[in-house]
Amino acid sequence: MALSVIDQTGLSQTQIANAINMPTGSILQVVTTNLNTYISTSSTSITASSLSASITPQFSTSKILVLITMNGIINTSTTTGSCAETYLYRAGSFLSYIDNVSGYIPSAGNTLQQYYGALSYTYLDSPASTSALTYAVYWRLAGGSNGAIYLNNYVSGAGTTGSSITLMEIR
């Protein structure tokens, strides 16, 4: 079968996608950022972590599927009820509450209220944009002002762990 040439003059993005037979639900692009460094915060205010990724959607009608994996989460506060709170932001604006990380396994033999674990999160966004968009994990120490929270921390003799954020543009 011969390849066809599509004259893009005057065609909308949707018409072009239809012309090349990309059905709804097609994945147009994937962007992943891996964070393998150890980061922490002791802020009780919501602040940006170093876990973020940017994508420029090809179509204003596209959805962005956000996949987040965070590992080695530890809270060293000695305050009862203290926890790590995590949030998803797009372009500096709040999108979604991710988790209140307070129910993970206590570190063995440690008198501090330390927890470690992994957290996976999925969010489907409809940004209605073809501009570059940055999705980022924000976090804070909640429920107590002493201590800190850590990401990619040393866990059970395995060394530092890694976290990631993946963005998929879906037609």
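The values are calculated or read from the model by the stated rules, or taken from the named source; none is laboratory data. Since this is a predicted model, take the numbers as computed values, not measurements. With ideal geometry, Cβ positions are generated from the backbone for all residues, glycine too; neighbour counts draw on all protein chains shown.
Structure above, values below:
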{"item": "Within segment 25-63, tally of residues that are closer than 28 Å to C83 by Cβ, assigned to a strand (DSSP E or B) and of a type in the set (V, I, T)", "result": "5"}
{"item": "Cross-chain or 6+ apart pairs with Cβ under 7 Å, segment 132-146 first and more than 21 Å from T69 (Cβ to Cβ) and surrounded by fewer than 21 Cβ atoms within 10 Å (Cβ to Cβ), then at pLDDT 95 or above and polar (S, T, N, Q)", "result": "A132/S54; A132/T56"}
